[in-house]
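Trainee: Below is the structure I would like to discuss, written out as structure tokens.
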Amino acid sequence: MSITELLFWGLSVLALFSAIMVVTSKSPVHSILFLIVVFFAISGHYILMNAQFLAIVNIIVYAGAIMVLFLFVVMLMNLNAESEPKKNRLIQFAGLISGGCLFLVFISAITKSASANNLLQMGGGNFGLIKNLGMSLFKDYLIPFEISSVLFLSAMIGAVVIGKKES
Amino acid sequence: MEIKWYIGLSLALFCTGIVGVLTRRNSIIIFMCIELMLNAVNLLLVAFSKMHAATALGQANPNVVSDAQLFVFFIMVVAAAEVSVGLAIIVMLYRNTHSVDVNFLNRLKN
């Protein structure tokens, strides 16, 4: 077993364990911390596939900005395990069964696929580097890039308008 | 690595997110599960781009590989905007009902 496969399985187990802990843990703060672990594991997968720009952006945007926003909101509301609403066992069981059924359907669909054994280009290739992505972003995707700035502006205005106290 | 392992990992993460959305009632946890599902899709897009890099090597248009990674970049952009608005809505909900339980939102009136 090569070092790449070893890293792949280690990161996969870490990501899956943390994702299950996000869903099952009682306290919202623990859920947020486990979600940060999931994001770091996915960034590790990006580095394994030599998508370095996306790995760094994933850490900065998701683990650095979005999860800090979540933590601030949870601490602002003073939520803890006691304020967790009590659960209905039947609903939980039904959700687990339906999610598992979806997983099994997808898995049985891809095992029939002819291209399931296609190999990935691990490590090599310079497409994920910031130089090539930047050239493509500012040549082929200039209009969507500019439109996303308008999207951010409208999201900012929307967040301020929604979060404002009504007088 | 074969592509099937990446598809399996992404599916497992996505279905974990779906189970979380269906079973939890804390709206912040539901929102975090949606982020988890977005990340599973991102991982799958990057894996497919590297699969095409392996099969389409030496073709006339090498830009097909960087396209998928730019899609992931735009998904992250939209997710960041979505999180700011969604958290503002959750804060507003908490201010009005003093709870983050989604079962208090079962009617749109009042």
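Trainee: Looking at the range B:49-87 only, could you name the residues that are at pLDDT below 85 and among the β-branched types (Val, Ile, Thr)?
Mentor: Result: B:Thr55, B:Val64, B:Val65.
Trainee: Given (1) within 7 Å of chain B (Cβ to nearest Cβ); (2) closer than 16 Å to B:Val46 by Cβ, where does A:Ile110 come up short, assuming only one miss?
Mentor: Only one criterion is unmet by A:Ile110, namely (2).
Trainee: Here is a follow-up. Looking only at the range A:128-149, which residues are over 13 Å from B:Phe74 (Cα atoms) and either touching a residue at least 60 places away in the same chain (Cβ under 8 Å) or β-branched (Val, Ile, Thr) (or both)?
Mentor: A:Gly128, A:Leu129, A:Ile130 - these are the residues of the range A:128-149 that are over 13 Å from B:Phe74 (Cα atoms) and either touching a residue at least 60 places away in the same chain (Cβ under 8 Å) or β-branched (Val, Ile, Thr) (or both).
Trainee: What pairs can you find where one residue is in the range B:1-20 and at the interface with chain A (Cβ under 7 Å from one of its Cβ atoms), the other is surrounded by 20 or more Cβ atoms within 10 Å (Cβ to Cβ) and β-branched (Val, Ile, Thr), and their Cβ atoms are less than 7 Å apart, with a gap of 6+ or different chains?
Mentor: Short answer, once both residue conditions are applied: B:Thr16/A:Val23; B:Val19/A:Val23; B:Gly20/A:Val22; B:Gly20/A:Val23; B:Gly20/B:Ile29.
Trainee: Could you list, in sequence order, the residues of the range A:14-36 that are free of Cβ contacts under 8 Å to residues at least 12 places away in the same chain and at the interface with chain B (Cβ under 10 Å from one of its Cβ atoms)?
Mentor: Correct list: A:Leu16, A:Ile20, A:Val23, A:Thr24, A:Ser25, A:Ser31.
Trainee: Among the residues of the range A:1-56, write down those that are closer than 22 Å to A:Leu76 by Cα, more than 15 Å from the chain's Cα centre (by Cα) and surrounded by fewer than 23 Cβ atoms within 10 Å (Cβ to Cβ).
Mentor: Of everything in the range A:1-56, those that are closer than 22 Å to A:Leu76 by Cα, more than 15 Å from the chain's Cα centre (by Cα) and surrounded by fewer than 23 Cβ atoms within 10 Å (Cβ to Cβ) turn out to be A:Ser25, A:Lys26, A:Ser27, A:Val29, A:His30.
Trainee: Here is a follow-up. Here are some conditions: (1) at the interface with chain B (Cβ under 9 Å from one of its Cβ atoms); (2) in contact (Cβ under 8 Å) with a residue 60 or more places away in the chain. A:Gln52 meets all but one. Which one does it not meet?
Mentor: Failing condition for A:Gln52: (1).
Trainee: Right, something else. Of everything in the range A:117-162, what is more than 30 Å from B:Trp5 (Cα to Cα) and either among the β-branched types (Val, Ile, Thr) or crowded, with 16+ Cβ neighbours inside 10 Å (or both)? Give them in sequence order.
Mentor: Residues satisfying the conditions are A:Tyr141, A:Ile143, A:Ile147, A:Ser148, A:Val150, A:Leu151, A:Ala155, A:Ile157, A:Ala159, A:Val160, A:Val161, A:Ile162.
Trainee: Which condition does B:Leu70 not pass, out of (1) closer than 29 Å to A:Leu6 by Cβ; (2) facing another protein chain (nearest Cβ under 7 Å), if it passes all the others?
Mentor: Answer for B:Leu70: the failing condition is (1).
The values are calculated or read from the model by the stated rules, or taken from the named source; none is laboratory data. Because the structure is a prediction, the values reported are computed rather than measured. Cβ: placed from backbone, ideal geometry, glycine included. Neighbour counts: every protein chain shown.
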